[in-house]
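Computed from the coordinates by the stated procedures, all read-outs in this text should not be read as laboratory data. Note that the coordinates shown come from a computational prediction; the quantities given were computed from them, not determined experimentally. As a convention, Cβ positions derive from the backbone with ideal geometry for all residues, glycine included, and neighbour counts pool all protein chains shown.
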Amino acid sequence: MYPETRDPQPAFRLFRHLFRLAAMLSLAATALPPAHAQFGGRSAEFGMSYVQERSKFLGSSSSDYFYLRGAKIDYTVDLWHGLGVSATGAGFAATNLRGSIDIEHIQFLVGPRYTYNLGHITDTAWNRHGSAFVEGKVGYTIAPSGLYPSNGVEQTHASSLTYQGGAGINVTIYHRFDLRLIEGGYVRTALPNGGTNTQNTVWAGSGINFHFGR
């Protein structure tokens, strides 16, 4: 089973830290266009999304399913004809599950992403209409508080390797600003739970995206 905590406001604390990070990266992103010009004009994207992740407690009942809600930020650099590398930071939380269980996950992931751009940006034309992407990432999930049973011992925190596969669609709204219409994927973690010690979850979200370069 997932961890139980006594803190009544874990979700608010988690979201506050994540949005502070997103705000700082958004400010930093304003300096990216000249930086890309210095490195051969590589294109890049910076996205922010609201995400829901569907998971479950140990058991086979339909009532064992629940949703984690949170936000994610990602930064991608195109290395060669749409194939690039992408890094993601995400935070999820759920509170008062079954009356007393709170869950927090913080994830850091990196891996390849392939992006297909519909149209492009040049010095004389703006005909980019959006993009679609697929990605595979590996990283780490940190669960900063709770009780995690492992070998008969209840730990107060846990972490595990994490694997994620996903895809999404961006639609250009104005010049370099996109609406991330939809994105989703699959995540596998291995946090201690007193049973299988594995979690297989699906997630979906939407948000905004900023495109830099061509």
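Okay, here's what the table says:
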| item | result |
| --- | --- |
| Theoretical FRET efficiency, 1/(1+(r/R0)^6), r = Cβ-Cβ of Leu161 and Asn96, R0 35 Å, to 0.05 | 0.75 |
| Residues whose placed amide H lies under 5 Å from that of Ile101, excluding near-sequence neighbours | Asn96 |
